[in-house]
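A short worksheet on the structure shown next.
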């Protein structure tokens, strides 16, 4: 990047990181966030080739050139850059990581399930690879790299969610949020619920992808505010309706926060399962 227009990658919002540290102690996790408006300006300034050389594997550079729809092109590139940054931070913290490890040596691929994963077959076998998750919405892209399965989602607050809330929010869930998040506006509550459920759908390693209404919000735990931002822990219950009724119900805990008009949800499989909670 040129000195006058550097890449503006930033860490995850402080309130989300605080919630992660409080809720998922023992899990190694790194994240990165990118302003897509800034990335668009860099591309329009003729710096896409430089970006590709700096951040993308050769096959990823070829893939990018097949994405002709500008929005998809921008989101795909922004998501890959964030995931590479998060992965490099994660890998550089391991003793066996090569000192000169760079983003183009890493390739992000897509599993049959649609989940992204990091392929780094050219690196030392004992290095291991983090689990990754990528999301984007309107102005932002973000990604995480973690030592356990994870899922992240960002969603812009919108009145449109209220018009389709029956697809992802039950009356019971609406009552729980109205009671426990009474200081928050209804669109913000729905945005957090959407992001929380999407995060679980992305990160939970289940035999069948759960539907929005298969996941039920049952509890909200407040996390002390950081810089005035709202963040809390959602507990979602899941019982696969396609399996025998005797199978145990699963529980997922998701850290959620509001950030500059966006809801962000992060699910991480705890390194140390909480007593009494049957995690997937």
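Before moving on, here are some points about what is shown:
- To the nearest ten degrees, helix 70-92 and the longest principal axis of the Cα atoms of the chain are 90 degrees apart.
- Debye log10 I(q)/I(0) for segment 1-121, one point scatterer per Cα, at q = 0.11, 0.16 Å⁻¹: -0.42, -0.87
- The chain: relative contact order in percent, alpha carbon pairs under 8 Å with at least 6 residues between: 20 percent
- Maximal additional length on extending the residue 38-residue 97 stretch stands at 18.2 nm, based on 0.36 nm per residue less the C-alpha distance.
- Packing order of peptides 97-107, 134-144, 148-158, highest average first: 134-144, 148-158, 97-107 (average count of other Cβ atoms within 10 Å over each peptide's residues).
- In this entry, the chain is assigned a mean projected area of 16.2 nm², taken as a quarter of its C-alpha convex hull surface.
- Tensor-based shape of segment 154-268 (alpha-carbon gyration tensor, a/c under 1.5 rounded, otherwise prolate or oblate): prolate
- Anisotropy class of segment 13-61 from Cα gyration tensor, a/c 1.5 cut: oblate
- Potential extension, residue 185-residue 166 segment - 0.36 nm per residue separation minus Cα distance: 5.1 nm
- For segment 200-215 versus segment 131-198, the spacing of their alpha-carbon centroids is 14 Å.
- Here the translational diffusion coefficient of segment 102-228 follows from Stokes-Einstein with Rh set to the Kirkwood radius across Cα pairs; for 20 °C and 1.002 mPa s it amounts to 128 µm²/s.
Any read-out appearing in this document is the output of simple, stated calculations on the displayed coordinates, not a laboratory observation. Predicted model only: the values in this text are computed from it and were never measured. Note that each Cβ is placed from the backbone with ideal geometry, even for glycine, and that neighbours are counted across all protein chains shown.
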